[in-house]
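K.L.:
Before I ask anything, let me first share the structure, which is written out below as structure tokens.
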Amino acid sequence: MSRTVQIRQHGGPEELQWVDLPVGDPGPGEIRIRHHAIGLNFIDVYHRTGLYPLNMPATIGMEAAGVVEAVGEGVTHLQVGDRAAYASPPPGSYCELRVMPAKCVCKLPDAIGFETGAAMMLKGLTAQYLLKKTLPVQGLQPGDQVLFHAAAGGVGLIACQWAKALGLQLIATAGTDAKCQLALANGAAHAINYRSEDFAQRVQQITGGKGVKVVYDSVGKDTWEQSLACLRPLGLMASFGNASGPVPPFAPGLLGTKGSLYVTRQTLFTHIAARASTQAMADDLFAVVAGGQVKIRIEQRYRLADVQQAHRDLEARKTTGSTIFTL
């Protein structure tokens, strides 16, 4: 049996309840893993609220680190006793023990602890595909300016550091002066408090009226329109989240009037659909973390039993950096 967080209907944090669920043996292509630490991410909120609907009853959570207890037929990259970490569907990481597909689970290097592994996989792999794979038509070269919203969050602080290591000038936005300072301390070239400044106007000032090549946006509805105004001609609007709500429908002709812009809606799980790409991205992440170019900031720790409060704090924008659950 495994102590597990389950929801029986979509709704608020009060729907997150403790239950005991049986855990069997892994089938072909699966492993059983005992968690040591679990990551908290905004996609967990989307699953809980029904923005991304689940069949009920449902378990949630997409990220964790622990030790492999059993390996199913056909799994060759993991063995019993391996330290491992993942960011992977199906949802269900909010638990002590689970059986899950093995293809997106990666062996965790000895130099990286369980808590760091649980804090960095979803957020770090997201930063990796954004900065390395989600690129404007002109590409990105050292010295180029990019805009990154919610830069004091878990993905944002990793992106600030990684962008600096790549030689990019990352312009960060955040909702408080303290969060702006945190982004600057982690490598952002500029930081804008979007609650007290017009961030589109400020971006134009910073870039000398040229605009940025790409906007990376996980906020959604509240930042969408002004973000388009931050882009230079042929720039890329890269949406990868909806923290403020989904982006409303818009006429494609708008992109033409603003400079023949490109728009993309990215998800991590497209990029890690294949075993080889998952491992290559993870190896890239492990290298910059182990090498010190990117430090994983775990700013909040909650017991998994306090999952309701953790969700309330995340939705209230009270968190910075990465958040983990301990068992």
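The values are calculated or read from the model by the stated rules, or taken from the named source; none is laboratory data. This structure is a prediction, so every number in the text was calculated from the model and none was measured. Every residue, glycine as well, gets a Cβ built from its backbone with ideal geometry; the counts of neighbours run over all protein chains shown. What goes into the accessible areas is simple: the full protein's heavy atoms, side chains included, and nothing from ligands, DNA or RNA. Shrake-Rupley method; radii C 1.70, N 1.55, O 1.52, S 1.80 Å.
K.L.:
How big, in percent, is the set of alpha carbon pairs in segment 231-327 lying more than 23 Å apart?
P.N.:
Value for segment 231-327 (Cα pairs over 23 Å): 56 percent.
K.L.:
Just to confirm a number: summing +1 for Lys and Arg and -1 for Asp and Glu over residues other than I43 whose beta-carbon lies under 12 angstrom from that of I43, what do you get?
P.N.:
Combined, the nearby Lys, Arg, Asp and Glu give 0.
K.L.:
Okay, next question. Accessible area per residue for the chain in Å², computed with a 1.4 Å probe and the full protein assembly in place, what is it?
P.N.:
That works out to 40 Å² per residue.
K.L.:
Where does helix 275-290 land angle-wise versus the long Cα axis of the chain, in degrees 0 to 90, nearest 10?
P.N.:
It is inclined by approximately 70 degrees.
K.L.:
Once you have the Cα-Cα distance between R317 and L234, take 0.36 nm times their residue separation minus that, and quote the gain in nm to one decimal.
P.N.:
Extra length available between R317 and L234 comes to 26.6 nm.
K.L.:
Here is a further query. Straight distance only, please: which lysines reach the Cα of K164 with their own Cα at less than 25 Å, same-chain residues fewer than 8 apart left out?
P.N.:
Of all the lysines, those that pass the test against K164 - Cα under 25 Å, at least 8 places apart if same chain - are K123, K132, K133, K179, K210, K213, K295.
K.L.:
Also: Read phi for every residue in segment 258-269 and hand back ³J(HN,Hα) as whole Hz from Karplus 6.51 cos²θ - 1.76 cosθ + 1.60, θ = phi - 60°, with x for Gly and Pro.
P.N.:
Computed from phi, the couplings for segment 258-269 are 9, x, 6, 7, 9, 10, 9, 10, 9, 9, 4, 6 Hz.
K.L.:
Please compute the net charge surrounding P233, taking Lys and Arg as +1 and Asp and Glu as -1 over other residues with Cβ under 13 Å from its Cβ.
P.N.:
Details: positive: K210, K213, R232, K258; negative: none.
Summing Lys/Arg as +1 and Asp/Glu as -1 gives +4.
K.L.:
If you add up the charges near A65, with Lys and Arg at +1 and Asp and Glu at -1, over every other residue whose beta carbon is less than 15 angstrom from its beta carbon, what do you get?
P.N.:
Residues near A65 contribute +1 overall.
K.L.:
Same structure, new question: Just the Cα atoms of the chain: what Rg and Dmax do they give in Å?
P.N.:
19.7, 60
K.L.:
Now for a different question. Expressed as a rounded percentage, what relative contact order does the chain have, with Cα pairs under 8 Å and six or more residues apart?
P.N.:
Worked out over the chain, it gives 17 percent.
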